Structures are given as structure tokens and as C-alpha cells.
């Protein structure tokens, strides 16, 4: 799961920003990425510390909620 996190953490700062999440989701062809507001809402759903970014712990929660 750490490797998947690194894919989303484009700048390598240890956090996934809304723009980083949007960039990767667009590359994956996910329609949710069309709007930055949608991406920010996705982040809010798992952003436990309300910093507007996803850390690794929050990423794990987010990934567990995705039906693959």
C-alpha cells in the first residue's frame, strides 16, 4: 500500500494534495476527477486532522472504502 501512496504523492512530501489526487485519478480515467470540488470532497471524507491533505493513515482508510 505504501507504493500506491507514493504514486499519488507526486511531489514526495508525505501528503496527497487535492491537485495530486486529481492528477492521478484523471490519468486513471476516473470521472470523479473532472472537478476539483469532487476531489476535495473525497479528501474531506477521510481527512481526520482537517489539514486538507491525505497522509498515509488516511490513505489506507480511503483505500479500504473503495470497492475494487
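Here are the numbers for this structure:
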| quantity | calculated |
| --- | --- |
| Likely footprinting exposure, 24, 7, fewest C-beta neighbours within 10 Å first | 7, 24 |
| Potential extension, residue 3-residue 64 segment - 0.36 nm per residue separation minus Cα distance | 20.4 nm |
| Per principal axis, descending, Cα span of the chain in whole Å | 25, 25, 23 |
| Simple label model, 7 Å out from Cα along Cβ direction - residue 28 to residue 50, nm | 2.8 nm |
| Inter-label distance for residue 19 and residue 41, nm, one decimal - labels placed 7 Å from Cα along Cα-to-Cβ | 2.3 nm |
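Every number in this text was worked out from the coordinates using simple rules, so none of it is lab data. The structure presented is a predicted model; accordingly, all values stated were derived computationally and were not measured. Using ideal geometry, Cβ is built from the backbone for each residue, glycine included, and neighbour counts are taken over all protein chains shown.
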